[in-house]
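Q: I have a structure here, written as structure tokens, and I will follow up with some questions on it.
The values are calculated or read from the model by the stated rules, or taken from the named source; none is laboratory data. This structure is a prediction, so every number in the text was calculated from the model and none was measured. Here the Cβ is made from the backbone with ideal geometry for all residues, glycine too, and neighbour counts use every protein chain on show. We work out accessible area using only protein heavy atoms, side chains counted, and drop any ligands, DNA or RNA first. Shrake-Rupley method; radii C 1.70, N 1.55, O 1.52, S 1.80 Å.
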Amino acid sequence: MTVKSETISNKEIARAFKLAAALLELHDDNPFKARSLQNAAFKVERLTTPLSEMQEEEIARLDGIGKGIQGKIKEYLDHSSFEELDILLEKTPPGVVQMLAIKGIGPKKVKVLWNELGLESPGELLYACNENRLVELKGFGTKTQDLIIKSIEYSRSNEGKFLYANIEIIAQQLEKDFKQSGLISEISFTGALRRRCEILEELEFVLSIPDLKSFLKFLEDHPLIDDGSVKSAGNRIESMVAGKLPLHIYRADDNNFYSTLFLTTAGEDHLQILKEKYALTDIGSAKSEEEIYTSLKLPFIEPELREGIFEFELAAKGAMPVLLELKDLKGILHNHSTYSDGEHSLEVMAKYCKELGYEYLGICDHSKSAFYANGLQPERIIMQHAEIEKLNASLAPFKIFKGIESDILIDGSLDYPPDILKTFDFIVASVHSSLRMDKEKATKRLITAIENPFTTILGHPTGRLLLAREGYPIDHKKVIDACAANGVILELNANPYRLDIDWRHIQYAISKNVMLSINPDAHRKEGYHDMYYGVCTARKGALTKNMTFNALSRDEVSEFFLKRSALRNK
Ligand SMILES: [Zn+2]
Ligand SMILES: [Zn+2]
């Protein structure tokens, strides 16, 4: 569970500056002002302390942030906007502002589309593209037009979709309130939410409700539920949360609660297979889901696995694997500190990790190519290692492993020469730049990095950002085969926006004996809690404790790293 700060983040302020700069350009306003806002956004993004926690004098002392920008920062911190931005937004149709967010076109092109074709929303723009109207426009062409179509369609296909992490928080709040209402006798999440799918389109509950009328009244009055949205028909209650998230409640009674839960949890394919191959028919008054599976001569299948993809193959082997749990994890690898783009110092990161009861921490700041993230130049690596040794002496037996998140360069090589690479205990190799590659190039780039004897873990293998950016296409089997051949661990990046590698590939990795590491990629200490989402998604792939690298103890991990470097030095 990510801890959300109540205050305004630097990212948000930077975003506002960027928007204002784009709007100035759109309106052909002072180009110098636009540039100064852009520079400010760049600087603010790179600050390691939240502006909201800084004194005015401290902000005034910041390098390269002038009086004008300081004033805007203060305005933004006070009321989440600044006057200049408000004025610009006022004279721009909201649909045109949305067009500025389309990938592949900047403010200059949006201006042409608006002024010359009269397009005022992404919808109108898509229509114009489909009519081929952009091709003849100066500065455009078929390529740009295709890019725009792709970009709009991608964001369209994501409408009405939500990240698991954002929905679970709402679901837990509702669950708590439903229980406290005293109007229900049984309750459970169901559907894709209970299966812990990474992307959700609705909130689903099964409730046993003795007094429907009172419950409907309670629901109508609930602050999270939209006014007038509650509808009840048969055993279904439907309503809406915050104007966009549908809430479905399946009403059961104490007799059919478990059969309803079972039927609404199952993914379509899971249910289909049960009907066709296991003769699922009447389960009316089962007392538990275990009873239902037993009656079908199947072992109990965990809700996360009920997708109809591989759970029946696992069941055919007899006992189901015991799925990974958060409490199985003994350490936290792949994290950032203020040495690169993290928010908290190495010491704070280490102490918090220890405080949470973990045995070890792997610190992996960015490597030197990542200039945008303050990547480490060699002299700062030496400083960091000295600090790690000092902390290790005082925090023992807790241990910080010296790691680095090394950029995988365009040709697949790592970002430092061997002399430097060998000073680390372990190396997470990740792609952060030149993300536009075809499948063949991307696969080759990753395999070259995997074959590098210094690579320990392959970081966020596809670079995807859920609902925002498709990952680069890779041949998962080839990449996993290369990990197997080179003893490289596969990261399951636990950030709820990434959850990369996708859980659908975990079984193949296990079949090749490739271990996975649940890494939060924390950029602040609270980021450690994202490991929970990594575990949720790992469970969907039926990952077990013994195939999870960071379920190993401190000594086992230590030994693993030592063995790998010995192998390399042979
Ligand atoms: Zn990364
Ligand atoms: Zn990282």
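Q: How large are Rg and Dmax for segment 7-106 when only the alpha carbon atoms are used, in Å?
A: 13.4, 39
Q: Which lysines does Lys109 reach when only Cα atoms under 17 Å apart count, and residues fewer than 8 places away in its own chain are ignored?
A: Qualifying lysines at Cα under 17 Å: Lys18, Lys138, Lys143, Lys150.
Q: Can you give the calculated 222 nm mean residue ellipticity of the chain, where each DSSP H run of n ≥ 4 adds -39,500 (n - 2.57) and the sum is split over every residue, rounded to the nearest 500 deg cm²/dmol?
A: After summing the helix terms and dividing by the residues of the chain, the value is -13500 deg cm²/dmol.
Q: Report, by chain and number, residues whose modeled amide H sits under 5 Å from the one on Ser367, excluding near sequence neighbours (fewer than 5 apart, same chain).
A: Long-range HN contacts for Ser367: Leu376, Glu405, Asp407.
Q: Excluding ligands and nucleic acids, what accessible area in Å² is computed for Ser369 using a 1.4 Å probe, to the nearest 10?
A: 40 Å²
Q: Now a separate question. Read phi for every residue in segment 464-469 and hand back ³J(HN,Hα) as whole Hz from Karplus 6.51 cos²θ - 1.76 cosθ + 1.60, θ = phi - 60°, with x for Gly and Pro.
A: The phi angles translate into 6, 10, 4, 6, 10, 8 Hz.
Q: In the structure displayed, which of Lys275/Lys478; Lys477/Lys540; Lys277/Lys540; Lys179/Lys217; Lys176/Lys275; Lys161/Lys330 lie more than 24 Å apart, Cα to Cα?
A: Among Lys275/Lys478; Lys477/Lys540; Lys277/Lys540; Lys179/Lys217; Lys176/Lys275; Lys161/Lys330, the Cα-Cα distance tops 24 Å for Lys275/Lys478; Lys176/Lys275; Lys161/Lys330.
Q: If you don't mind, there's one more thing I want to ask. Hey, what do the phi angles of segment 200-212 turn into as Karplus ³J(HN,Hα) couplings, whole Hz, using 6.51/-1.76/1.60 and θ = phi - 60°, x for Gly and Pro?
A: Ordered by residue, 3J(HN,Hα) equals 10, 10, 7, 9, 10, 10, 10, 10, 9, 10, x, 10, 4 Hz.
Q: Please name whichever of Phe189, Thr281, Leu216 sits farthest to the positive end of the charge dipole of segment 150-305, dipole taken about the Cα centre and charges placed at Cβ: Lys and Arg +1, Asp and Glu -1.
A: Final value for the positive-end residue is Thr281.
Q: Let me ask another. Using every alpha carbon pair in the chain, what percent of pairs falls into each 20 Å bin from 0 up to the bin containing the largest distance?
A: Reading upward from the zero bin: 18, 46, 33, 3.
Q: Could you sort 40-47, 230-237, 456-463 so that the peptide with the highest average Cβ count within 10 Å comes first and the rest follow in order?
A: 456-463, 40-47, 230-237
Q: So if I place +1 on the C-beta of Lys and Arg and -1 on the C-beta of Asp and Glu, and nothing else carries charge, what would the dipole magnitude of the chain be about its Cα centre? I want it in debye, nearest 20.
A: 1480 debye
Q: How large is the Kirkwood hydrodynamic radius of segment 389-458, counting all unique pairs of alpha carbons, in Å? Provide the component values of the computation, followed by the final result.
A: Details: mean 1/r = 0.0755 Å⁻¹.
After inverting the mean inverse Cα-Cα distance, the result is 13.2 Å.
Q: Oh, and also: Report Rg(Cα)/(2.2 N^0.38 Å) for segment 346-504, keeping two decimals.
A: For segment 346-504, the normalised Cα radius of gyration comes out at 1.06.
Q: Right, next: Taking a probe of 1.4 angstrom, what is the accessible area of Leu85 in Å², to the nearest 10?
A: About 10 Å², rounded to the nearest 10.
Q: Go through Asn519, Gly123, His27 and say which Cα lies farthest out towards the positive end of the charge dipole of the chain; charges sit on Cβ, +1 for Lys and Arg, -1 for Asp and Glu.
A: Asn519
Q: Which of rounded, prolate, oblate describes segment 484-570, given a ≥ b ≥ c as roots of the alpha-carbon gyration tensor eigenvalues and a/c under 1.5 marking rounded, otherwise prolate only if a/b is larger than b/c?
A: Oblate is the answer for segment 484-570, as a/c is 1.5 or above yet b/c matches or exceeds a/b.
Q: Let me ask something else about it. So what is the relative contact order for the chain, in percent, with contacts set as C-alpha pairs under 8 Å and at least six apart?
A: 11 percent
Q: Tell me the per residue accessible area of the chain using a 1.4 Å probe; a whole number in Å² is fine.
A: Each residue of the chain exposes 47 Å² on average to a 1.4 Å probe.
Q: Less than 16 Å apart at the alpha-carbon level, and either on another chain or at least 8 residues along: which lysines does that give for Lys11?
A: Within the straight-line cut-off, Lys11 pairs with Lys43, Lys72, Lys74.
Q: For Leu323, which sequence-distant residues (separation of 5 or more, or a different chain) have an amide H within less than 5 Å of its own amide H, given hydrogens modelled in the peptide plane?
A: none
Q: Ok, one more. Starting at the first residue of segment 536-546, write each ³J(HN,Hα) from the Karplus equation 6.51 cos²θ - 1.76 cosθ + 1.60 with θ = phi - 60°, in whole Hz, x for Gly and Pro.
A: My calculation for segment 536-546 gives 3, 6, 4, 4, 4, x, 6, 6, 10, 4, 6 Hz in order.
Q: Only four residue types carry charge here, +1 at the Cβ of Lys and Arg and -1 at the Cβ of Asp and Glu. Report the dipole size of segment 1-107 about the Cα centre in Debye, rounded to the nearest 20.
A: My answer is approximately 440 debye.
Q: Quick one, what does Rg over Rh come out to for segment 58-130 if you take C-alpha atoms and the Kirkwood Rh?
A: Numbers: Rg = 16.5 Å, Rh = 14.4 Å.
On the Cα set of segment 58-130, Rg over Rh gives 1.15.
Q: Quick check: at a probe of 1.4 Å, how many percent of the accessible area of the chain sits on carbon and sulfur atoms?
A: For the chain, the apolar C and S fraction of the accessible surface comes to 51 percent.
Q: On to the next question. Can you pull the Kirkwood radius for segment 77-178, inverse mean 1/r over Cα pairs, to one decimal in Å?
A: For segment 77-178, inverting the mean 1/r across all distinct Cα pairs yields 16.0 Å.
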